[in-house]
Every structure is written in C-alpha cells, then in structure tokens.
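Reviewing the structure listed below.
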Amino acid sequence: MPSARAAVAGLARTDEACEPSGVTPNPATAQPDRAPADRALRGEPVAREVFTGLPDRYDRLAYLLSLGQDRRWRRAVVDRAAAGQPRLVLDVATGPAGIALAVAGRTGADVVGVDLNEPMLQAGLPRVRRALPRGRVVVAAGRADQLPFDDATFDAVTFSYLLRYVDNPAATIAEMARCLRPGGTLASLEFSVPPQPAWRAAWWGYTRLALPVLGSLTGGPAWYRVGRFLGPSISEHYQEHPLAWHVAAWQAAGLTDVGTALMSLGGGLVMWGRKGPAS
Ligand SMILES: C[S@@+](CC[C@H](N)C(=O)[O-])C[C@H]1O[C@@H](n2cnc3c(N)ncnc32)[C@H](O)[C@@H]1O
C-alpha cells in the first residue's frame with residue numbers, strides 16, 4: 001500500500017525544516033515558451049511575491065475573488081479526482097492544502113501536497129494536523145515544473161490556480177502527467193474568462209474595478225496588490241493560452257478523455273483527463 005510518507009521520504013517536509021528557494025531550476029523549463037517582455041505577470045519571482053503576506057487570510061481571498069463560487073469549483077475537482085478511487089494523490093501548488101485535505105477526507109487516500117512558497121504550506125499545517133490521522137496528508141516544498149517524484153508514482157494528481165504563475169505551462173502539465181500512473185486522473189481548477197460578451201464585460205468590471213477596492217478594504221495593501229494583479233493575469237493567460245490550447249497541452253502530455261467544464265458562467269475552469277497507457 002503506497003503512502004504519503006513513503007512518497008516524500010528524503011524530501012524536506014514542512015512540518016520539519018525546509019527551504020523552498022533551495023530547489024534548483026528545471027532544465028526542461030529553462031527555456032520559457034514566452035517572450036521576455038510578457039513575463040511581468042508570470043514566473044517564479046511573481047509567484048513568490050504575490051503570495052507574500054497572503055497566507056493568513058488566503059481562504060477568504062479565494063472566496064472573494066471567485067464571488068463565493070470557489071468552494072463549489074473545488075468540490076468539482078475533488079469529485080473528478082475521487083472518481084478513480086485513488087490510494088495515493090499529489091496536489092500541486094497546494095497552498096494551505098485545501099484541496100489536499102478535501103481529497104483525503106473524501107477518498108481515504110494518502111495525499112502529498114507540494115508548493116513553492118513555504119508560508120502558504122505553513123498556513124495549512126494546523127488544519128493538516130487537526131483534520132486527519134498523522135501522515136495521511138503530508139506537505140513539502142517543491143516546484144510544479146520539477147517535481148521530486150518518480151514517474152507514475154500517483155493514482156491522481158490535482159492542481160488549482162497554478163498555470164498562470166509558471167514560466168512554461170505546457171512543460172508543467174507534462175511534468176505533472178509524468179508523476180501520474182497510467183490510467184490515473186489529472187484534475188484541475190483555474191480562474192477563467194467568461195466567453196459570453198455581456199458576462200465578460202461584467203467580469204472585466206469586477207476584476208479591474210471592484211476587486212482592487214474590495215481587496216484593499218478587506219485585506220489592506222497586500223490584497224489590493226493581488227486585486228489589481230489578478231484580472232490582467234487571467235486575461236493575459238487566456239489570450240496566450242485559450243481553452244483549446246489547454247486541451248491540446250493535456251493531450252500532448254499523454255492525457256486521454258480530456259474534459260472541461262466552465263463554472264459560474266465561465267469564471268472558473270475545471271479540467272480532467274486520464275493518463276493513457278505507457279508507450
Ligand atoms: C492561488 S494559490 C492556490 C493554492 C491552492 N492550490 C488552492 O487552491 O487553494 C497558488 C499557489 O501556487 C503556488 N505556486 C505558484 N507557482 C508555483 C510553482 N512553480 N510550483 C509550485 N507552486 C507554485 C503558490 O505558491 C500558491 O500557493
């Protein structure tokens with residue numbers, strides 16, 4: 001029986017000592033698939049900066065940013081991951097481990113969560129320690145584009161709100177698929193841009209005008225900055241990587257039966273797929 005503890009044996013877990021910045025760059029992603037001028041809203045320095053100062057109130061922020069829809073969206077991802085009755089699951093960019101805990105609670109699987117930012121992992125530790133028998137959910141520092149696991153280790157891999165932050169989304173999807181066993185499930189959640197013009201206009205107004213103000217009122221300068229960052233970051237991601245691009249990237253990474261569901265008029269995107277047989 002595989003276990004989360006065995007999967008992270010040898011890694012620096014966050015309930016012990018760990019230093020995320022010690023992770024070395026991944027040669028596979030050393031050549032970003034973007035022009036340097038476009039990189040102000042993306043990349044590891046952005047991911048580190050955006051989440052500095054957020055962990056304490058992160059869950060409230062996610063709720064606000066999604067107009068209260070986030071919990072329903074997360075449940076859809078957990079449903080997809082749970083469908084294959086996994087025994088060992090990896091949640092990438094786990095943050096405070098919300099999806100990791102939900103998957104563990106729902107399936108009985110052992111779950112490993114990895115994230116670039118140790119403060120985000122630390123924010124989830126009280127819940128991780130409280131919620132389940134020790135060792136069922138284990139979190140450790142790690143980069144999505146350089147996962148410290150053998151090929152085909154996990155029965156399911158989940159990720160949420162990640163791809164806008166990585167230099168090379170296609171390589172990151174392929175890296176996550178590498179860690180999935182043949183027949184296993186990849187399931188994800190990202191913010192999205194509503195396709196219908198009237199809703200897109202409303203979404204634009206909310207993300208560009210209301211979010212910075214609401215962020216500032218509820219969380220001060222750190223949330224104001226995120227409120228201002230988020231809308232342009234989402235728009236830019238989908239200008240360069242439209243939905244069809246995501247489906248093609250999953251297929252290129254070896255996923256079959258790739259499905260998508262736009263949530264809440266298109267404000268969220270849930271995706272899922274099954275890893276094809278080993279070639
Ligand atoms: C918006 S938060 C989402 C956290 C969690 N998935 C959730 O749904 O609550 C994005 C997370 O992605 C992490 N992240 C960004 N780039 C990453 C990378 N290259 N590797 C691992 N984690 C990354 C950030 O540290 C942050 O915790």
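Within the stretch 97-114, can you find the residues that are assigned to a strand (DSSP E or B) and either more than 10 Å from the ligand (Cβ to nearest atom) or at pLDDT below 95 (or both)?
Within the stretch 97-114, the first condition is being assigned to a strand (DSSP E or B), and the residues that meet it are 110-114.
Of everything in the stretch 97-114, those that are assigned to a strand (DSSP E or B) and either more than 10 Å from the ligand (Cβ to nearest atom) or at pLDDT below 95 (or both) turn out to be 110, 111, 112.
Which of the numbered conditions does residue 207 fail, given that it passes all the others? Conditions: (1) surrounded by fewer than 16 Cβ atoms within 10 Å (Cβ to Cβ); (2) free of Cβ contacts under 8 Å to residues at least 60 places away in the same chain.
Evaluating residue 207 over (1) surrounded by fewer than 16 Cβ atoms within 10 Å (Cβ to Cβ); (2) free of Cβ contacts under 8 Å to residues at least 60 places away in the same chain leaves (1) as the failure.
One line per residue, one yes/no per condition, for (1) more than 24 Å from residue 75 (Cα to Cα); (2) more than 15 Å from the ligand (Cβ to nearest atom); (3) more than 14 Å from the chain's Cα centre (by Cα):
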{"residue": "183", "(1), (2), (3)": "no, yes, yes"}
{"residue": "201", "(1), (2), (3)": "yes, yes, yes"}
{"residue": "204", "(1), (2), (3)": "yes, yes, yes"}
{"residue": "215", "(1), (2), (3)": "yes, no, yes"}
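Would you check which residues across the stretch 71-96 are within 8 Å of the ligand (Cβ to nearest atom) and surrounded by 24 or more Cβ atoms within 10 Å (Cβ to Cβ) and list them?
Keep residues of the stretch 71-96 that are within 8 Å of the ligand (Cβ to nearest atom), which gives 74, 91-96.
Scanning the stretch 71-96 gives 91, 92, 93, 94, 95, 96.
If you take the residues in the stretch 127-161 that are within 9 Å of residue 93 (Cα to Cα), buried (at least 24 other Cβ atoms within 10 Å of the Cβ) and not polar (S, T, N, Q), which one is nearest to the ligand (Cβ to nearest atom)?
144
If only one of 144, 123, 140, 171 is under 14 Å from the mean Cα position of the chain (by Cα) and either within 27 Å of residue 46 (Cβ to Cβ) or not hydrophobic (A, V, I, L, M, F, W, C) (or both), which one is it? Steps first, answer last, please.
Working: 123 fails: under 14 Å from the mean Cα position of the chain (by Cα); 140 fails: under 14 Å from the mean Cα position of the chain (by Cα); 171 fails: under 14 Å from the mean Cα position of the chain (by Cα).
It is 144.
How many residues does the stretch 97-126 contain that are surrounded by fewer than 20 Cβ atoms within 10 Å (Cβ to Cβ) and of a type in the set (D, E, K, R)?
2
Return the residues of the stretch 1-15 that are small (Gly, Ala, Ser), touching a strand residue (DSSP E or B) at 6+ places or on another chain (Cβ under 8 Å) and modelled with pLDDT under 75; say none if nothing qualifies. Spell out how you get there, then give the answer.
We begin by selecting, within the stretch 1-15, every residue small (Gly, Ala, Ser); these are 3-4, 6-7, 9-10, 12.
When the remaining residues are screened for being touching a strand residue (DSSP E or B) at 6+ places or on another chain (Cβ under 8 Å), the result is 3-4, 7, 12.
The one that is small (Gly, Ala, Ser), touching a strand residue (DSSP E or B) at 6+ places or on another chain (Cβ under 8 Å) and modelled with pLDDT under 75: 12.
Which count do you get for residues in the stretch 63-86 that are of a type in the set (A, V, I, L, M) and at pLDDT 90 or above? Talk me through it step by step, then tell me what you get.
Taking the stretch 63-86 first, the residues of a type in the set (A, V, I, L, M) are 64-65, 67, 76-78, 81-83.
The next check asks that each one be at pLDDT 90 or above; those that pass are 76-78, 81-83.
Within the stretch 63-86, residues that are of a type in the set (A, V, I, L, M) and at pLDDT 90 or above number 6.
Collect the residues in the stretch 149-180 that are in a strand (DSSP E or B), closer than 29 Å to residue 235 by Cα and in contact with a Leu (Cβ under 7 Å, 6 or more places away or on another chain), keeping them in residue-number order.
Within the stretch 149-180, 157, 160 qualify.
Can you go through 135, 183 and tell me which one is part of a loop (DSSP other than H, G, I, E, B) and either touching a residue at least 40 places away in the same chain (Cβ under 8 Å) or more than 25 Å from residue 119 (Cα to Cα) (or both)? Full working, then the answer.
Values: 183 fails: part of a loop (DSSP other than H, G, I, E, B).
Going through 135, 183 in turn, just one is part of a loop (DSSP other than H, G, I, E, B) and either touching a residue at least 40 places away in the same chain (Cβ under 8 Å) or more than 25 Å from residue 119 (Cα to Cα) (or both): 135.
The values are calculated or read from the model by the stated rules, or taken from the named source; none is laboratory data. What you see is a predicted model; the values in this text were computed from it and never measured. We place every Cβ from the backbone using ideal geometry, glycine too, and count neighbours over all the protein chains shown.
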